[in-house]
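The values are calculated or read from the model by the stated rules, or taken from the named source; none is laboratory data. Since the model is a prediction, treat every value here as computed from it, not as a measurement. We place every Cβ from the backbone using ideal geometry, glycine too, and count neighbours over all the protein chains shown. Note: areas computed on protein heavy atoms with side chains; ligands, DNA, RNA excluded. Shrake-Rupley method; radii C 1.70, N 1.55, O 1.52, S 1.80 Å.
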Amino acid sequence: MTGKFCKFALILATCLFLATVALAGQPKGVESNNGYSHVRIVRLSFVEGTVLVKRPGSAEWAKASVNTPIEQGFTVSTAGGSFAEVQFENGSTARLGQLSKLRFDELAMAASGAKINRFSFIQGYGTFHLVPQHGDEYAIAAGNTQITPRGKAEFRTDVRPDGRLRVEVFDGSVDVKDPNQLAKLTKGKTLEFNRQALTAFDISRGIRGDSWDNWVQKRDQQAELAYNDSPVGIDSQLYGWNDLDAYGEWAFFPGFGYGWAPFEPAGWTPYALGQWSWYPGFGYTWISGEPWGWLPFHDGFWNYDPGFGYFWIPGDLSMWYPALVDWYSGPGYIAWAPMGTGGAPACRTANCIIAVRPGTLQNGLQVNSNTRVHIAAGQLARISAPAIAPGATAMLSGTPVQENLRTVEMRGGAQPLAASRTRTVATGAPSTLVRSGAKASLPARRATAFGAVAPKVILMGQTPTQAAAELRATPHASFFHRVLGGRHPTPAFARLGNTLGGQFRVEAAGRDGLGFRPAGSRAIVNRSIASSPVLRGGVMRANPVFLPHGSAPGFVGRQPGLSALPGGNAMGIQAIGNRGAVRGAPMGGFQGAGPSIRGLHAAEPSMGRFGGAAPAMRGTVSAPATGGVHAGAPAAPAAAASGGHH
């Protein structure tokens, strides 16, 4: 009788624990009784294969693209051979392997500015690299347990349908708790648990890395190297910032300030590749198809020079806008163009305007060369916002999926595409440890892997040759190796075209592909393009001066005359950290849930380097000239898509 009573008590305790976790994870409104703000946006920052998203309260799954905004209550799932990464405001990441599923139960912000993050990791394998700041909280429900990091931590979780759970800690420490036991896992330790049999936690030392762990390490390394390599720096990681180093170049643009331009094919235009999706409270929201397309489409302004092309000037990085465009309409058309500094049109010619049929916007269809239409500028009239009610498919945050994927509940991710296979690992010498902190004094007890495979690329847009070389490369060299003459490590780069800004033609210079020069010229002096005839007739006061990368060969120390920030950045913009405060929403945007970066100001270069002091960066306004959506305002078809939130 005593045994039956104990078993009943154990089951009851488990049910109460799960109910508590479920209630804690229920999506809430913009404001809750505890004073939290729930207007936060995180980013789908990497996609390979088929990645699905589902909005809260919806039964419909949609195929997501990179840069999809993720809100509280969203669920992300991966198909077989497919992978995803979600990036948080401060650069923390949640990476999902194939056949995995993660629900964002709570994305909130306290009055103190602390961010509250609660997830349910339902199936598969994934790695969480979490960097709490200013009282941030993270908690992951996985396999009848709750995993809570103690400060900065990186750990992997495997959850199998047969009831087995594994947690491996690569850095920092985490608490793992179920209704009856609590364990603290430190760096290099592994916990295994059969959640169906409710066995005791089995803890061992040592981690046997696999291809997934190697890929995660490469992504971490890329983020660190790109952050330190960037010619323009900020005082802490910010989602989307490191992509700018990998996909474009920073320069000082006379008359505008420090800006950035992407490597893209000739004729490229901002807001011409992606889709519009309707988000309640924001309106039509741009999802860029470019892998770098997060910050440049949700903060700051695009400017256009007839001799150069497009370049982006950052705002103060304290607001997130669904889009920064000017809207136009005409008979049977809806159109838009990037907004320039201060809210003025970036360009006033027909070539700057992207036009589509109204159904493309209304139904959330892809905007590309097949759906864009060409019309004369005289056929369009400027409007404040499109008066087009969104259709059902525009509210899916992606492309509707086929019926066989839509109807499968996620027992093993998006099951129809593939099935997970258990892989036996040899019991001989352990493979290379993927994190330096994972000690191998005892052999790891991973007798079988969880079908863990990894993406084929580190950066989206890499060629297969580039990707293979990066994945084979050893971890970046130590400080002493670099000081004693070893090669300075550099981040990976992915050039998506042979022009900067869609017009200025360049070609690679140097065996590492780090440098570039104007097409047809012999050299570049101080990375200036003053000798290039391409820029004649431009609107800038003088030609732009490109800034050297922090880890480029031959570059030692800081740029002369520029302020320095921790982390080794050669920088031209200094950011002031924001500890956050929930206040009343300013005109044009939401307040209280934005990135950890607040204000920006330009550090002036020395007279000797640039031939003249740079003016302070222009266009650091807190809201565009057009109105936005206030926090808590009801969604309406005519809501301006240029609203934002802090």
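A compact table of results
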item: Condition check for Ser277: in contact (Cβ under 8 Å) with a residue 40 or more places away in the chain, open to solvent by 10 Å² or more (accessible area, probe 1.4 Å), closer than 29 Å to Thr393 by Cβ and outside any loop (DSSP other than H, G, I, E, B); result: no
item: Filter result for Trp260 (part of a loop (DSSP other than H, G, I, E, B) and of a type outside the set (Val, Ile, Thr)); result: no
item: Residue ID - surrounded by the most Cβ atoms within 10 Å (Cβ to Cβ), chosen from residues in the range 240-257 that are part of a loop (DSSP other than H, G, I, E, B) and at pLDDT below 95; result: Phe256
item: Count of the range 269-281 residues which are at pLDDT 95 or above, out of contact with any Lys or Arg (no Cβ under 9 Å at 6 or more places or on another chain) and not hydroxyl-bearing (Ser, Thr, Tyr); result: 6
item: Long-range neighbours under 9 Å by Cβ, at least six apart or interchain, first residue free of Cβ contacts under 8 Å to residues at least 40 places away in the same chain and within 15 Å of Gln181 (Cα to Cα) within the range 128-154, second open to solvent by 40 Å² or more (accessible area, probe 1.4 Å) and not in a loop (DSSP other than H, G, I, E, B); result: Ala142/Ile122; Ile147/Lys177; Thr148/Glu137; Thr148/Lys177
item: Scan of the range 197-207 for residues that are on the phi < 0 side of the Ramachandran plot and either assigned to a strand (DSSP E or B) or open to solvent by less than 20 Å² (accessible area, probe 1.4 Å) (or both), ordered by number; result: Asp202, Ile203, Ser204, Arg205, Ile207
item: Qualifying residue in the range 215-238 (condition: within 30 Å of His549 (Cα to Cα), assigned to a helix (DSSP H, G or I), open to solvent by less than 40 Å² (accessible area, probe 1.4 Å) and β-branched (Val, Ile, Thr)); result: yes
item: Leading residue by the ranking (surrounded by the most Cβ atoms within 10 Å (Cβ to Cβ)) among those in the range 105-140 that are assigned to a strand (DSSP E or B) and charged (D, E, K, R); result: Lys115
item: Verdict on Trp292 being within 24 Å of Ala251 (Cβ to Cβ) and in contact (Cβ under 8 Å) with a residue 60 or more places away in the chain; result: no
item: Condition check for Gly73: under 24 Å from Trp292 (Cβ atoms), surrounded by fewer than 24 Cβ atoms within 10 Å (Cβ to Cβ) and modelled with pLDDT of 95 or more; result: no
item: Extreme residue, farthest from Thr68 (Cα to Cα), among residues of the range 304-336 that are open to solvent by 10 Å² or more (accessible area, probe 1.4 Å) and either free of Cβ contacts under 8 Å to residues at least 24 places away in the same chain or touching a Cys at 6+ places or on another chain (Cβ under 9 Å) (or both); result: Pro306
item: So Gly143, is it modelled with pLDDT under 95, in contact with a strand residue (DSSP E or B) (Cβ under 7 Å, 6 or more places away or on another chain) and crowded, with 22+ Cβ neighbours inside 10 Å; result: yes
item: Residues of the range 342-369 satisfying the condition of being open to solvent by 30 Å² or more (accessible area, probe 1.4 Å), under 27 Å from the mean Cα position of the chain (by Cα) and more than 14 Å from Tyr271 (Cα to Cα); result: Gly342, Gln362, Asn363
